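A.B. asks: Structure below; questions to follow.
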Amino acid sequence: MGYNGRMSFLPTRSLFWMSLALALLFALALAACTAGTGPLPLPTDPSAVTEPSAVPPTATALPRGGRLTLRLADDLPDLRPWQPRSRGEEQMISLLYSGLLHLDDQMRPVPDLAERWETTPDGRTITFTLRSGLTWHDGVPIDSSDVLFTLEQLRTLPVTSTALLADLHVIEAVTTPTSDTIALQLNARYAPIFAALTVPILPRHILENQDLATVNFWEVPVGSGPFQFAERQAGQGFVLTRFEGFHRGAPLLDQVAFVVAPDPTVALQALRDGQLLLAELPWSVQRNLAEVTGLQLGSYPENGFYFLGFNLREGHPFADLAVRQALAKVLDLPRLVEAATKGQGIPISSSALPGSWADLTPPPPQAADLDSARALLDAAGWVLPPDATIRQRNGVALSGSLFVRGDDERRLVAARRIAEVAASIGVQITVEPADFATVILSKYATPYSFDLLLGSWSNGMADPDFADTAYYDPDDFALFHSSQLNQGEVDSRATRNFVGFADAVYDNQAQAARQLYNLDERIAALRQAQERVAEQLPYLFLWADRMPVALNDRVTTLDGPVNLSSPLYMWNIERWYLTP
């Protein structure tokens, strides 16, 4: 998983919103339903999973009831449970459906429909055991045949449509030894498969005679998630009601209502008035949010990042590690990110999603170190001749061209700042603004005619045009492993290691991280792989963008405040409730 064959380029960030004032009238008309019981806490270690213990008895009744209203930036005319194509669809799916596993707020795979699993010593067979008493929203029991049906049907869909489907082809065979066990036979050990197995399980009794590729799931909205479909009004919103039979315990909330409110100013006013209790809004209204009382404010990182890539092939100036290290030392990354993104970006040190279980590399330094940078260049033989401003070695000037999209002001600001600080240590970088389709895109392919490139990757699994976190895994094997280097004209693969990075230490640790199922062991391998990338600097990681979230102060959970710094802050929605 990770970036394996599914990366797309982050687009220029332009936002287009359609005003729809009538949308909020829908929120006022929503009615409440009946109450339920509290759910169970979840374990977090995917290698040693046990059934969680129940919430301890308490003399105080659990806080049941109420309706959560949240913003949809756009309507959802059709639904595809395994392929969220927008943030709204991703959140909708998470409430309607369940997988064998799901991701917690740190993106760790934890039990969902499956209560436990076991693996053979070679890691190629994984056997899941389902919880007892599982049912669909229509009351029909769930068993292993539903899992078999889902995985077989998804594996018949075109692999090119989503990277998730490509990952599922690691599975060679699926068998159902009993009605509550499913055995997956893999073609190799593959740790990212656990994140892929958060894919929604679909009801065989409804879909077995239908073509999944053509089904609009609003016509058959039956899942097993914490909430069930109740009502849809096209262009206005959706109402979901509590599913009493939810396997982790019936949600405390009566309803969740998604309200279509494309205009962020309308949504902002609805937050002020209490008509909306939860909304994700564009960064442009961040300051306005701070002026609204009664809100919990937060932001989560989007699943993609910006970077400065160095051409490491012979003959390019930044193939010299000392030059890359010197540039990294002279760059005040937090200040650059603040200037380029106006506060929206988070400075990063690795490809991992900030705040996730795989975010293991220390943050970048807070200040530039010009003296150390100059000393590195001097030691590498790059000297500054008398009365010169550009360093040389053996008569060759230390200069290069930095390609950047000309239609993205944020990237241009970052590129120009990088060129300015490079000049302070005698490195000449010429910024080359260019069209993405006709110039930039070609730099990612042979003959790799660039010195530096300021680019971006999107790490979404479900759809190439949306950076979902539903199936997040930190595997960056495709970006940096030497097997992902293009081998010339005979190599027809869409390889992603365009900078030409080849390092045996990284290769060993990245390969181990893909094969280790114990989370602690995998973390150790990932940490070493990330450290090696930080040492060798094939990329200078720049930033990940943040999405602002506003939540009414009345909303909390049995586990404490909602973790708005996670993109999966709704992971324990069944434990949310409203205070008076």
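A.B. asks: Return yes or no: is residue 76 open to solvent by less than 50 Å² (accessible area, probe 1.4 Å), in contact with a strand residue (DSSP E or B) (Cβ under 8 Å, 6 or more places away or on another chain) and outside any loop (DSSP other than H, G, I, E, B)? I'd like the intermediate steps shown before the answer.
C.D. replies: Working: open to solvent by less than 50 Å² (accessible area, probe 1.4 Å): yes; in contact with a strand residue (DSSP E or B) (Cβ under 8 Å, 6 or more places away or on another chain): yes; outside any loop (DSSP other than H, G, I, E, B): no.
So residue 76 fails the test.
A.B. asks: Something else now. Which condition does residue 162 not pass, out of (1) under 22 Å from residue 246 (Cα atoms); (2) in contact with a Pro (Cβ under 8 Å, 6 or more places away or on another chain); (3) of a type in the set (Val, Ile, Thr), if it passes all the others?
C.D. replies: In the conditions (1) under 22 Å from residue 246 (Cα atoms); (2) in contact with a Pro (Cβ under 8 Å, 6 or more places away or on another chain); (3) of a type in the set (Val, Ile, Thr), residue 162 misses (1) alone.
A.B. asks: Given the conditions (1) at pLDDT below 95; (2) polar (S, T, N, Q); (3) in contact with an Asp or Glu (Cβ under 7 Å, 6 or more places away or on another chain), report the number of the one that residue 366 does not fulfil.
C.D. replies: Every listed condition holds for residue 366 apart from (3).
A.B. asks: Does any residue of segment 80-92 turn out to be basic (Lys, Arg), within 24 Å of residue 135 (Cβ to Cβ) and either out of contact with any Ser or Thr (no Cβ under 8 Å at 6 or more places or on another chain) or touching a residue at least 12 places away in the same chain (Cβ under 8 Å) (or both)? Break it down stepwise before answering.
C.D. replies: Taking segment 80-92 first, the residues basic (Lys, Arg) are 80, 85, 87.
Remaining after also requiring within 24 Å of residue 135 (Cβ to Cβ): 80.
Cutting the leftovers down to either out of contact with any Ser or Thr (no Cβ under 8 Å at 6 or more places or on another chain) or touching a residue at least 12 places away in the same chain (Cβ under 8 Å) (or both) gives us 80.
Yes, some residue in segment 80-92 is basic (Lys, Arg), within 24 Å of residue 135 (Cβ to Cβ) and either out of contact with any Ser or Thr (no Cβ under 8 Å at 6 or more places or on another chain) or touching a residue at least 12 places away in the same chain (Cβ under 8 Å) (or both).
A.B. asks: Restricting to helices (runs of 4 or more DSSP H) lying wholly in segment 114-220: which have 1 or more residues that are within 15 Å of residue 98 (Cα to Cα) and in contact with a Phe, Trp or Tyr (Cβ under 8 Å, 6 or more places away or on another chain)?
C.D. replies: Working: elements: 144-154, 163-168, 193-196, 204-207.
Output list reads 144-154, 193-196, 204-207.
A.B. asks: Got at least one residue in segment 265-275 being assigned to a strand (DSSP E or B), hydrophobic (A, V, I, L, M, F, W, C) and either surrounded by 19 or more Cβ atoms within 10 Å (Cβ to Cβ) or modelled with pLDDT of 95 or more (or both)?
C.D. replies: Within segment 265-275, the first condition is being assigned to a strand (DSSP E or B), and the residues that meet it are none.
No.
A.B. asks: Kindly list, by first and then second residue, each pair from a residue in segment 262-275 that is without any contact (Cβ under 8 Å) to a residue 60 or more places away in the chain and of a type in the set (A, V, I, L, M, F, W, C) to a residue that is in a helix (DSSP H, G or I) and open to solvent by 30 Å² or more (accessible area, probe 1.4 Å), limited to pairs with Cβ atoms under 8 Å and residues at least 6 apart or on different chains.
C.D. replies: Note: pairs meeting the criteria are 268/288.
A.B. asks: Go through (1) under 26 Å from residue 407 (Cβ atoms); (2) open to solvent by less than 10 Å² (accessible area, probe 1.4 Å); (3) at pLDDT below 95; (4) not small (Gly, Ala, Ser) one by one and return the number of the condition residue 464 breaks.
C.D. replies: With (1) under 26 Å from residue 407 (Cβ atoms); (2) open to solvent by less than 10 Å² (accessible area, probe 1.4 Å); (3) at pLDDT below 95; (4) not small (Gly, Ala, Ser) applied to residue 464, the lone miss is (2).
A.B. asks: Does at least one position in segment 390-401 carry a residue that is open to solvent by 20 Å² or more (accessible area, probe 1.4 Å), over 20 Å from residue 320 (Cα atoms) and either among the polar types (S, T, N, Q) or in contact (Cβ under 8 Å) with a residue 12 or more places away in the chain (or both)?
C.D. replies: To start, the set of residues in segment 390-401 that are open to solvent by 20 Å² or more (accessible area, probe 1.4 Å) comprises 390, 392-397, 399, 401.
From what is left, the residues that are over 20 Å from residue 320 (Cα atoms) are none.
Looking for residues that are open to solvent by 20 Å² or more (accessible area, probe 1.4 Å), over 20 Å from residue 320 (Cα atoms) and either among the polar types (S, T, N, Q) or in contact (Cβ under 8 Å) with a residue 12 or more places away in the chain (or both), one finds none in segment 390-401, hence no.
A.B. asks: Which residues, counting only those in segment 129-153, are out of contact with any helix residue (DSSP H, G or I) (no Cβ under 7 Å at 6 or more places or on another chain) and free of Cβ contacts under 8 Å to residues at least 60 places away in the same chain?
C.D. replies: To start, the set of residues in segment 129-153 that are out of contact with any helix residue (DSSP H, G or I) (no Cβ under 7 Å at 6 or more places or on another chain) comprises 129, 131-139, 141-144, 147-148, 150, 152.
129, 132, 141, 143, 144, 147, 148, 150, 152, listed by residue number.
The values are calculated or read from the model by the stated rules, or taken from the named source; none is laboratory data. No experiment lies behind these values; they were computed from the predicted model shown. Cβ coordinates were reconstructed from backbone atoms using ideal geometry, including for glycine residues, and neighbour counts include every protein chain displayed. For accessibility, only protein heavy atoms count, side chains too; no ligands or nucleic acids. Shrake-Rupley method; radii C 1.70, N 1.55, O 1.52, S 1.80 Å.
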